[in-house]
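Read the structure below first, then the notes.
The values are calculated or read from the model by the stated rules, or taken from the named source; none is laboratory data. Computed from a prediction, not measured in an experiment: that's the story for all the values here. Here the Cβ positions follow ideal geometry from the backbone for every residue, glycine too, while neighbour counts run over all protein chains shown.
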Amino acid sequence: MKVGFFLIMLLIVPSVLYGQYPVFGDERRPKGNIKSFMESCYDTSQGIKMLVSKNKFIYDQKGVLIERIVYDTIDSNKVSQKVSYIYEDDELFEELGETYRIRHVYDDKGKKLAEKYTSVNSDYLKRYDYSIDGELVRMTSYNSKGKLLYSESFKYDDQKALLKLIHIVPDSSDKSFQAIYTSDIKGRHLSTRVYATNGYILYTNKFNYDFEGQLNEEIRYNYSGAFLFKKRFKYVYDKAGNWTLLANKNKTSSYLTIREIQYN
């Protein structure tokens, strides 16, 4: 489904520099015929549960995302924002929140060509380019005045798994980098090696997965291969094979994410 392609790119591409998994759950649609799901993430580093994120995602009968409800982190029952997802010809045309708007443009094959973000505080435009095989090979982002903010180029292996990412920020070598990936036969990243623009290695990440294919360990090493830190992810699954509890722990912090799923 074209909508599925957009959601996958939205969730995966922005996170490649920082690893494969955010600390606040993953906000990906659970498996099966679902009506909605809610993810509530708590910071448990100090021994108490402090709410840092709470979102509810609502789907139509075809399993298409139609609304996201964002809750206040102080009063967890108070809605701070509702986001609507509007479609045209089964393609996501607009993501409309109370404080921002994102519009999308596609080609006749359903590939996303552009994304325009508008809010009170910032605006940007992203453009996407593809190979003749339909793979995303380049993304460029511009501000409201047309100035290039950054660009990303992508290369893939023979199994179409991401092999290389080059992130370039104009006039900023500190924010520019190159990442090299190794993947298994299922396309899951096993390791990432990140280089500075001068070719020196910055760090290496290695990833392990559980029996459900979920990331359960991320280990980082510095430029010389010395251990830096380890993140562990532990899950509780329901009968449908969807996780309903995620504990994310490392040396200095810990988070607990609870996912409530409503099935049709």
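Go through the stretch 214-264 and give me each residue that's part of a loop (DSSP other than H, G, I, E, B) and of a type in the set (A, V, I, L, M, F, W, C).
ALA226, ALA240
Quick check on the stretch 100-138: of everything there that is in a strand (DSSP E or B) and among the small types (Gly, Ala, Ser), which residue is farthest from TYR150 (Cα to Cα)? I'd like the intermediate steps shown before the answer.
To start, the set of residues in the stretch 100-138 that are in a strand (DSSP E or B) comprises 100-106, 112-119, 123-130, 136-138.
This time we only want the ones that are among the small types (Gly, Ala, Ser), so: 114, 119.
Details: ALA114: 15, SER119: 19 Å.
Selected residue: SER119.
Would a scan of the stretch 28-44 turn up a residue that is under 18 Å from the mean Cα position of the chain (by Cα), within 20 Å of GLU260 (Cβ to Cβ) and modelled with pLDDT under 90?
For the stretch 28-44, residues under 18 Å from the mean Cα position of the chain (by Cα), within 20 Å of GLU260 (Cβ to Cβ) and modelled with pLDDT under 90: present.
Looking only at the stretch 139-180, count how many residues are more than 24 Å from LYS109 (Cα to Cα) and not in a strand (DSSP E or B).
Number satisfying all stated conditions: 12.
Please go through the stretch 160-174 and pick out each residue that is closer than 19 Å to LEU136 by Cβ and among the small types (Gly, Ala, Ser).
Once the filter is applied, which keeps residues that are closer than 19 Å to LEU136 by Cβ and among the small types (Gly, Ala, Ser), the stretch 160-174 yields only ALA161.
Being in contact (Cβ under 8 Å) with a residue 24 or more places away in the chain and among the polar types (S, T, N, Q) narrows it down to one of SER173, SER144, so name that one.
Checking each option against the conditions leaves just SER173.
Output the qualifying pairs, or none if there are none: Cβ atoms under 9 angstrom, residues six or more apart or on different chains, first residue in the stretch 193-204 and buried (at least 16 other Cβ atoms within 10 Å of the Cβ) and in a loop (DSSP other than H, G, I, E, B), second residue modelled with pLDDT of 95 or more and not hydroxyl-bearing (Ser, Thr, Tyr).
THR197/ILE168; THR197/PHE177; THR197/GLN178
Which members of the stretch 38-75 meet the condition of being exposed (fewer than 13 other Cβ atoms within 10 Å of the Cβ) and under 16 Å from TYR255 (Cβ atoms)?
Residues satisfying the conditions are GLN46, GLY47, ILE48, MET50.
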